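Structure record follows, encoded as structure tokens.
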Amino acid sequence: MQMTFRWYGEGNDSVTLEQIKQIPGVEGVVWALHNRPAGEVWTEEEVMEVKKQADANGFHLDVVESINVHEDIKLGRSSRDEYIENYKISLRNVAKAGAKVVCFNFMPVFDWTRTDLYKELEDGSTALFYEKSKVDNMDPNELISQTTSSGYTMPGWEPERLKMITESFKAYESVDEEQLWNNLEYFLHEILPIAEEEDIKMAIHPDDPPWSVFNLPRIINSESAIERYLAISDSPSHCLTLCSGSLGANPDNDIPQMIRRFADRIAFAHIRNVRIYDNGNFIETSHRTQDGSVPIDDIVKAYHEAGFKGYVRPDHGRHLWKEDCRPGYGLYDRALGIMYLWGLWDAYELENRKGAE
């Protein structure tokens, strides 16, 4: 596996490239142009400026997360073709910086949903928390206010997207899951030929959480959904970002089985742990298997058995030692997570070597 670390860019992240460089085994940063609203072209000049910063610290920019999909594409509006053309230009421009994987999602309105960005755990650390009954009964505008109050830009919760929230909810009243599938297929059939030309793998991220929120349709949320998604095209650019935390919030999802089944189509892996409660709540924990409900040890074993050579990053971490950081994206717990993942990987490597003797 190739270890990476998500970085939000100079002036937009509490973590620096110099700090990331000190984490063992990290080869690249997962990046994006977070100042660009969904639908706009990522210019070559902006892309190459990020490459210059990464090059100075010895990092590759193989993985982009995310070139956001404009809401009109998800809704299937007549204006979608214009935004798809912009997306194609952005793909060609990130390819010039060496991009090999573009992670994206097709979640309506909200890219991810949590009710508390700094919920305290027993040890005094804090983490992202989802309270099911609260989401089931709250006004979306209340959630918006909570989520955008951290002081950092929040991908998936951009101001230009949220100012259209009432219109967006109204528009999705006429879009069910089947229509969303149709709109996703339309997008893919337009994008995949360009991705193939540029040798880029388009890797969709599962819905987070993997169920409907505020009655919005969600479609990438289970093994059967992933099977349907991958059947849309046999293009080598048609791939998956497998996120153990997103899918793992539903205890019915068997993540190790999905890895063993879809390993050859997984271009990018997010590995994180969540603790699930009987009432439907969940909270993000350390990456250590025993701390949550997701079998991180078996997940890494499944990747190791598959000879996985794709990109991996530690996903959301806790906020430790009073670190002032972007919610879920501090330095310390993600660095600890990397060392736990490497420890598991190295143990499986050693096990294989002993078995071969």
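Read-outs throughout are calculated quantities, based only on the coordinates presented, and are distinct from any laboratory measurement. Note that the structure is predicted; figures quoted are calculated from it, not measured. Every residue, glycine among them, receives a Cβ derived from its backbone with ideal geometry; neighbour counts consider all protein chains shown.
Across segment 2-356, Cα pairs under 8 Å and at least six residues apart give a relative contact order of 17 percent.
Compactness of the chain was expressed as the Cα radius of gyration divided by 2.2 N^0.38 Å, which yields 0.94.
Shown is the FRET efficiency for Tyr186 and Ser14, computed with R0 = 41 Å from the Cβ-Cβ distance and rounded to the nearest 0.05: 0.60.
As a quick test, which of the pairs Lys52/Lys201; Lys301/Lys354; Lys119/Lys301; Lys100/Lys301; Lys88/Lys201 have an alpha carbon distance above 19 angstrom in this structure? Mind dumping the intermediate values first?
Numbers: Lys52/Lys201 23 Å; Lys301/Lys354 16 Å; Lys119/Lys301 30 Å; Lys100/Lys301 25 Å; Lys88/Lys201 13 Å.
Distance filter (> 19 Å) returns Lys52/Lys201; Lys119/Lys301; Lys100/Lys301.
The H on the amide N of Arg6, modeled in the peptide plane, is under 5 Å from the matching H of Val30, each at least 5 residues off or on a different chain.
Between the beta carbons of Ala347 and Gln22, assuming R0 = 22 Å, the FRET efficiency works out to 0.45 to the nearest 0.05.
A simple packing score, the average count of other Cβ atoms within 10 Å per residue, orders the peptides 194-207, 270-283, 78-91 as 194-207, 270-283, 78-91, with the highest score first. Cβ-Cβ distance of Lys134 and Arg288, R₀ of 25 Å, FRET efficiency by 1/(1 + (r/R0)^6): the value works out to about 0.35. Each stretch of four or more DSSP H residues adds -39500 (n - 2.57); spread over every residue of the chain, this sum gives -11500 deg cm²/dmol at 222 nm.
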